[in-house]
Every structure is written in structure tokens, then in C-alpha cells.
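Asker: One structure is given below, represented as C-alpha cells, and several questions about it will come after.
The values are calculated or read from the model by the stated rules, or taken from the named source; none is laboratory data. Bear in mind the structure is a predicted one, so any value in this text is a computation, not a measurement. Note: ideal-geometry Cβ built from the backbone for every residue, glycine included; neighbour counts use all protein chains shown.
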Amino acid sequence: MKEFAQLTSPIHSKIHWPAILIHAGHDELIYLDNEQDWEIEAQGHIDEMSQLFDSAGISYRLPLADIDNGKPNQHLIWLTATEPLELKQVLSSVRRHASALGHCCTAKLGANTVKQVFDMMKYLEAN
């Protein structure tokens, strides 16, 4: 039986939607238009290396705290990242994501603002 992660965020209201969920070691990104999208995504695979980048340019960590017997705690807690993602890091992830979706010439993708990155992600998700 699959266990589902429960959303228990003390700082939910501080996240500016949309947001991008970034899984370490994966080229695919998850575009989350709103909190409801997150609640659906939270039922899948989330690990302690996952990061969230919101439309205000704020980075969050989504750690899974350890509990008894070394089993992961299924309650996700949003924490503002102590080492925030820089725009160029997120843009690099978006380029890899675009390439994984089959888009060519991804090295030419550029953005100077967080808004431009989110516009790009929205376009990639729609096409």
C-alpha cells in the first residue's frame, strides 16, 4: 500500500505561486501553478534534496525528517533555504528540462528575471 505525504507547512502562505519543484539529479522540473497542484504532487516522490523555487525568487527546502526506526517522516515542512538558488542555477535547470522535453537549441534560452523564467516554464508545459 502506498503511503502519501501529508502537507503540514507552517509557512504555506508565504509561498508565491506559481513555483517550480526541482528534484536533485533529475532533468525534469515540475511546474506548480498553485497550492492545489502541490498537494497532488506531494503524494508522489519527494526527497530531502528536493527544492522549491517560487515566483518571488525565494528558494525552499522540503526535508523529510527522520523518525523512529529510520523510517522517513511523511510530513513535509517547508523551510526557507539557507543557500538560495540563484537565477542562473534555475535557468540551467530549465534548459535541461526543455531538452528532456525534446526542445532543441536550449543553450539559447535566456532570462534576466524570475518572471521570464516562469513565463518560459509555462510555455514549456503548454507545448
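Asker: Could you count how many residues in the range 27-43 are surrounded by 16 or more Cβ atoms within 10 Å (Cβ to Cβ) and at pLDDT 90 or above?
Answerer: Counting residues in the range 27-43 that are surrounded by 16 or more Cβ atoms within 10 Å (Cβ to Cβ) and at pLDDT 90 or above gives 5.
Asker: Here is a list: ASN112, ASN69. Which entry is more than 17 Å from the chain's Cα centre (by Cα) and at pLDDT 90 or above?
Answerer: One residue alone meets the criteria, ASN112.
Asker: Among all residue pairs at least 6 apart or on different chains, which show Cβ distances below 7 Å where the first residue, located in the range 41-69, is farther than 16 Å from HIS16 by Cα and among the hydroxyl-bearing types (Ser, Thr, Tyr) and the second is modelled with pLDDT under 85 and buried (at least 17 other Cβ atoms within 10 Å of the Cβ)?
Answerer: Here the result reads SER50/LEU62, each pair linking the range 41-69 to a residue that is modelled with pLDDT under 85 and buried (at least 17 other Cβ atoms within 10 Å of the Cβ).
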